[in-house]
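Structure first, commentary second.
Derivation of every value follows stated rules applied to the coordinates shown; laboratory data play no part. As the structure is a prediction and not an experimental result, all values here were calculated from the model. Heads up, the Cβs are rebuilt from the backbone with ideal geometry, glycines too, and the neighbour counts pull from every protein chain shown.
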Amino acid sequence: MTDPTTTRDDALRAREQARKRADKQKTRRRSRYDRPRQTIIWTVLLFGVAVGLVSGLYYAWIIQPLNEAEVAPWQLRTARDTDDLLPDRDAYIMAILLSHEHEPSLGQTVQRLIDLRLSTDDPIQYVADLACRLVRGGYVDSNSHRNAVRSMMRFYQQQGKSGCADQLILMDGRDVPTPTTIVVPTATLVPPATKTPAPQTSPTPETIIESEPFVAPPAPTGSFNIVVFEPFCNRQNSGVIEVIVRNIVSGEELPGYPVRVTGDGVDSTFFTGMKPERGLGYADYRMAAGGVYNIEMPGLSAPTSREIRALDCLDDVSGAPAIRSYRIVFAGN
Amino acid sequence: MIRFLISLLLGLLVGLAFGLGLGWGVFPTETYGNPASSLAQQYQDEYTAMIAAGFQVDGDTSGALERLAVLGVADVRLHVQQVTERYIDASRRLDDIYNLVLLADALGVLTEKMEPYRGVIAP
C-alpha cells in the first residue's frame, strides 16, 4: 500500500520541476534553429550588389560606352586618331584663328584654344607647331589652305613665337616658287692656230652645245617633306610633274637629289639639277594620259599620300584641252 | 540554397542597375577622337560663325565651303542658312549675325529674315 503523503510530495515535486523547466525554457536564448528563416541572406545580397555594380560600370564604360552625339570641341579627332592632314580639332583651331583675323581679341582666342585642352601649356606655340606640321605635310596646296596657314602664322608671330613654317611660307605670297630661266653664257674660245691641218673626219655636228658637266654632289642625306602640292593646267607644259627640291632653312635649291615616280607600271628615278636653266633643284617627269602616280625622294621622304592623276583638264588661261600637271616642292635638310 | 540564389540574383540585379545608371547617366565616358559631325549644335554654330568671320577677311567662298564640309552636314549651304536664322532668332551678337548673313549671301541662301541685316554695319 502506498503512502498518500509520499505520492502528494512526488506530484508536487514533479510539478515544481515542470515549472522550472518551463521557466528555463523561457529564459534560454533561442537558437538559430528556433528562429523563423529569412528569405534574404544579406551578406550574399551585398556581394551581389558589389559584383553587379562593377559589372554594370564595366559594361557602360568599356563594352558599350554611350555613343555621344553631342561632344565638345576638345573631344574632336586629333592627329593621333586619324591620318588626315587636318584632323577635326586642328580644323577647329584653324577656324578660331580665321575668326581672330576678323576680330583680333587675344583673350578670347587664347581662351578658345585653352578650352580645347591642348597637350601643351603654351597654346600659341601649339599653333606654331601645327602650322609647321601642316606646311611640312603638304597642306598648303591651294590658296585657301595657304591663307589659312598664314592666319595662324600672323597670330603666333604677333605673340613672338616662331615655327618652321616661317622658313617655308612667306607672308607676302612669294612662297610658291616660280620657274625662272637662267641664261648661262658659255664662252666659246677661238681655237689656237695649229701647224698641222686638222684631219678631215666625218661630218661634225653643226652646233656644239657647251655646258659645264654636271657634277653630282656628295650622297644626299636628310629628311624631306612635300610643302607645295599644286595641280595646274597648262597646254604648253601638259601632263608634267615639276619637282623642286630645296633647303628648308636657306631656301636654296638642291641639285643631285633623287626623285622617284611610281605607278601604272612605272618606276622611274631621276635627279634634280639636270635642267639647270629651270633651277638647280628642278626635275620633271612627263606622265601618260590617265595615269596615276606617286612621288617620293627615295630614302629621304615618305611617298606622298596623295595620288597624282594625269587627268584631262582645260588650260588655265586659254581653255584649250590639256593634261593636268603638278608642281611639287620638297623641302628639308 | 534557394535563399542564397535569390539573394545573389537580387544583389546582382540591383548592382547592375546602379552600375549602368552611373556609367551611362551620371558619369558617362568622355570619348575622344570624335568627328566634327558629332559636335553639339552650339559648337557647330560657333564653328560656322568663326568660318563666317574668316570669310569676311579673305572672301574665299570655296575655302569657307571646304572648311564647313568638316561638319559632315549634307548640305553646307542649307546649314549656313539654318545657323544664320538661328542666330537671328536668338538675337545673338550682331557682328556674328552680320558675318553669317554675308556668307549666306555669298552662298546664295539669303532669306527674307536675313535681308535687314545686309545693310547693317557691324560695330
Among B:75-84, A:266-275, A:12-21, how do they line up from the highest to the lowest mean number of other beta-carbon atoms within 10 Å? B:75-84, A:266-275, A:12-21
Mind running the shape call on the range A:224-332? Use the C-alpha gyration tensor, a ≥ b ≥ c as the square roots of the eigenvalues: rounded below 1.5 for a/c, prolate if a/b tops b/c, oblate otherwise. prolate
Counting only complete DSSP H runs, which helices of chain B cover 24 Å or more along their long axis at the Cα atoms and score a mean Kyte-Doolittle of 0.5 or above? B:2-20
Here the whole-number average of other chain Cβ atoms within 10 Å per Cβ of B:83-96 is 0
A:Asp264, B:Asp89, B:Asp96 arranged by Cβ crowding within 10 Å, fewest neighbours leading: B:Asp89, A:Asp264, B:Asp96
Specify which residue in the list B:Leu65, B:Ser7, B:Val101 is farthest towards the positive end of the charge dipole of chain B, using unit charges on the beta carbon of Lys, Arg (+1) and Asp, Glu (-1), about the Cα centre. B:Ser7
Given unit charges at Cβ for Lys, Arg (+) and Asp, Glu (-), the dipole magnitude of the range A:219-333 about its Cα centre in debye, nearest 20, is 40 debye
How much net charge surrounds A:Lys161 when only other residues with a Cβ under 15 Å from its Cβ are counted (Lys, Arg +1; Asp, Glu -1)? -1
What does the charge count around A:Asp141 come to, taking other residues whose C-beta lies under 9 Å from its C-beta (Lys +1, Arg +1, Asp -1, Glu -1)? +1
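Can you work out D for chain B in µm² s⁻¹ from Stokes-Einstein, where Rh is the Kirkwood radius over C-alpha pairs, the temperature is 4 °C and the viscosity is 1.567 mPa s?
So the translational diffusion coefficient is about 75 µm²/s.
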Tell me the relative contact order for the range A:214-333 as a rounded percent, counting alpha carbon contacts under 8 Å between residues six or more apart. 41 percent
Magnitude of the Cβ-charge dipole of the range B:41-123, K/R +1 and D/E -1, about the Cα centre, nearest 20 debye? 80 debye
Across peptide A:224-237, what mean number of C-beta atoms from other chains lies inside 10 Å of a residue's C-beta? 0
Here the percent of antiparallel bridges among DSSP beta bridges lying wholly in the range A:224-332, to the nearest 5, is 80 percent
Where does each of B:24-32, B:100-108, A:292-300 land if you order them by average Cβ count within 10 Å, highest first? B:100-108, A:292-300, B:24-32
Mind checking A:147-153 for the average number of partner chain beta-carbons within 10 Å of each residue's beta-carbon? 2
First select every other residue whose beta carbon is under 11 angstrom from the beta carbon of A:Cys313; then total the charges, Lys and Arg +1, Asp and Glu -1. 0
Classify the range A:73-168 from the C-alpha gyration tensor, please: rounded if a/c falls under 1.5, else prolate or oblate depending on whether a/b exceeds b/c. rounded
Which residue, A:Val110, A:Ala131, A:His100, has the largest displacement toward the positive end of the dipole of the range A:98-140 when charges sit on each Cβ (Lys, Arg +1; Asp, Glu -1)? A:Ala131
